[in-house]
Amino acid sequence: MLRQPFDLNDIIHEPSDEQLDELMEAVAEEARKHSEVARTQLMLRLRAELTAIRPPPRPEA
């Protein structure tokens, strides 16, 4: 499907519902990507902090 460019600031020529749907889906996809990166970084920091508080148990010899 050929996407027609549009300008959200153009009050004379409004985007079609399909164009707005595509835009909203693109924004949602970017938000999902950013949230996954943030979640991954948060989990890494959390694991590091927990390990610093309580080191992993040492195997008994």
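Determine the pairs where a residue that is open to solvent by less than 60 Å² (accessible area, probe 1.4 Å), located within region 13-30, has a partner that is modelled with pLDDT of 90 or more and not in a helix (DSSP H, G or I) with Cβ atoms under 9 Å apart, the partner being 6 or more residues away or on another chain.
none
Let's see how each residue does on (1) at pLDDT 90 or above; (2) touching an Asp or Glu at 6+ places or on another chain (Cβ under 6 Å); (3) small (Gly, Ala, Ser):
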{"position": "14", "(1), (2), (3)": "no, no, no"}
{"position": "26", "(1), (2), (3)": "yes, no, yes"}
{"position": "32", "(1), (2), (3)": "yes, no, no"}
{"position": "49", "(1), (2), (3)": "yes, no, no"}
{"position": "57", "(1), (2), (3)": "no, no, no"}
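For residues that are at pLDDT below 85 and among the aliphatic types (A, V, I, L, M), scanning just region 1-12, find the one that is least open to solvent (accessible area, probe 1.4 Å).
The extreme case among them is 8.
Being part of a helix (DSSP H, G or I) and either within 28 Å of residue 7 (Cβ to Cβ) or open to solvent by less than 100 Å² (accessible area, probe 1.4 Å) (or both) is the filter here, so list the residues in region 42-61 that pass it.
Across region 42-61, the qualifying residues are 42, 43, 46, 48, 50, 51, 52.
The values are calculated or read from the model by the stated rules, or taken from the named source; none is laboratory data. Predicted, not measured: the structure shown is a model, and the values here were computed from it. Don't worry about glycine lacking a Cβ; one is built from the backbone with ideal geometry, like all the others, and counts go over all protein chains shown. Keep in mind that these areas ignore ligands, DNA and RNA; they rest on the heavy atoms of the full protein, side chains included. Shrake-Rupley method; radii C 1.70, N 1.55, O 1.52, S 1.80 Å.
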